[in-house]
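Asks: Take this structure first; my questions come after.
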C-alpha cells in the first residue's frame, strides 16, 4: 500500500471531531485508507451501496445506539443524504471524537437532501488520487509513468499500459452510464455526459465558454453549466479561477477547466501507450494540467491558485496567492529549453511578483535570470511544501 500524505491529518481530525467525512472520487482508496486506520480497533462498517446495509440503516437510530462505543464507518454517504440530519442529535448527545467516519464520492453541497448544518460537529477532508511524491516513495513509479496513468491506485499499478487503458475505459463507462447520476440522485443524459467529457478532454485547460459548449451539445447554457457542476462535484474536473483582484488592466475572468486525473485525460484522448504521450498534439495541455493538479494537492493551505491573462497580452499559467497578495508566478512548459514570452514578464510587473518559476519535464534546476528559476516538478513540489 502506498502511504498517503493525508493519513496524519485524518488521524488528527479523528481526535478532535465526532465525525469526519472523507471525500474523493470512486476507487481512489477511501475505504482502504479508512480500514487501514482502524485496523487495530473494533469498528462497524456499513456500505451504503450494498442493499443489505442500506436496509439496516433504515433504523439508523438503533444502529447508532447499539454501537455507540465503536467507530461507525458509513461508506458512500451520498446514498442516504438524510443521515446528515439524523447525525446531528446523535452527535449532540455524545460529542466524543472519532465516533463516525463517513466516506463520499460526491460533494455534499450538490447531493439532494443535504441541507442540515453540522458545523462544529463534523470535519471534511478530500482524498485525491495518488500524487507524484507519494508515488515516487514506492521506488518503482517514476514521473513519466505517473503522468501517463494518473493517480488512481488500480490504474497506476496496472501490469501494463494495455491493462491501464482497459481499467480507465471501464471506469469512464461506469461514470457515464451509471455513477454520475446515481451520485447526485438525478437523471442525466448519457449522450450529453459522454460528448461533454470528450469535449473537455479535447480542450483541456481551455477557458470556459458555456455558450460554445451548449451550442455544440445542443442544450442550454444552464444545462451545460449543471453538467459541469456535477463533474466538478464528483471530483472529475477542476476549475482554475482567473485572478483579477486589484488589477487595473482588463483581464479575462472566466475559469479554465481541467480534467483532474491525467490518466483519465489520456484515456479520453485515446493515448494508449506511455511512449505515445510526448508525440501527441495535446501533450502541452496534458503536462500543464498534470502540474497544476500536483500543485493543488501539495500546496500549503494558505496559498490559493489562479491563472492570469489580460486583454493586452499578459499571460501566466499559474499564480499562487496568499490572501489577496500574489506571491509566486509559475509558467509550465513541455520543453527542454523553455522560452518565455514578453507577456510573462508583463505579468510579473502587473502583479509585483519577484518569485517566478518555469516547470519543465526534466529535473534540471537553474536560474533563467535574477528572479526566474527553471526547475523540475518534483523539486518545485518539495520547495512548495516548505513555503511559508
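Asks: Considering each of 215, 195, 204, 209 in turn, give the residue that is within 23 Å of residue 282 (Cβ to Cβ), at pLDDT 95 or above and buried (at least 20 other Cβ atoms within 10 Å of the Cβ).
Replies: Of the residues listed, the single one that is within 23 Å of residue 282 (Cβ to Cβ), at pLDDT 95 or above and buried (at least 20 other Cβ atoms within 10 Å of the Cβ) is 204.
Asks: Considering only segment 349-371, how many residues are without any contact (Cβ under 8 Å) to a residue 40 or more places away in the chain and either more than 28 Å from the chain's Cα centre (by Cα) or more than 25 Å from residue 246 (Cα to Cα) (or both)?
Replies: Residues flagged as without any contact (Cβ under 8 Å) to a residue 40 or more places away in the chain and either more than 28 Å from the chain's Cα centre (by Cα) or more than 25 Å from residue 246 (Cα to Cα) (or both) within segment 349-371 amount to 14.
Here's the yes/no breakdown for (1) within 28 Å of residue 294 (Cβ to Cβ); (2) touching a helix residue (DSSP H, G or I) at 6+ places or on another chain (Cβ under 6 Å); (3) not assigned by TED's automatic domain parsing to the domain that holds residue 262:
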| site | (1), (2), (3) |
| --- | --- |
| 14 | yes, no, yes |
| 20 | yes, yes, yes |
| 37 | yes, no, yes |
| 40 | no, no, yes |
| 43 | no, no, yes |
| 76 | yes, no, yes |
| 81 | no, no, yes |
| 90 | no, yes, yes |
| 93 | no, no, yes |
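The values are calculated or read from the model by the stated rules, or taken from the named source; none is laboratory data. Worth saying up front: this structure is predicted, and the values here are computed from it rather than measured. In this analysis, Cβ positions are derived from the backbone assuming ideal geometry, glycine residues included, and neighbour counts consider all displayed protein chains.
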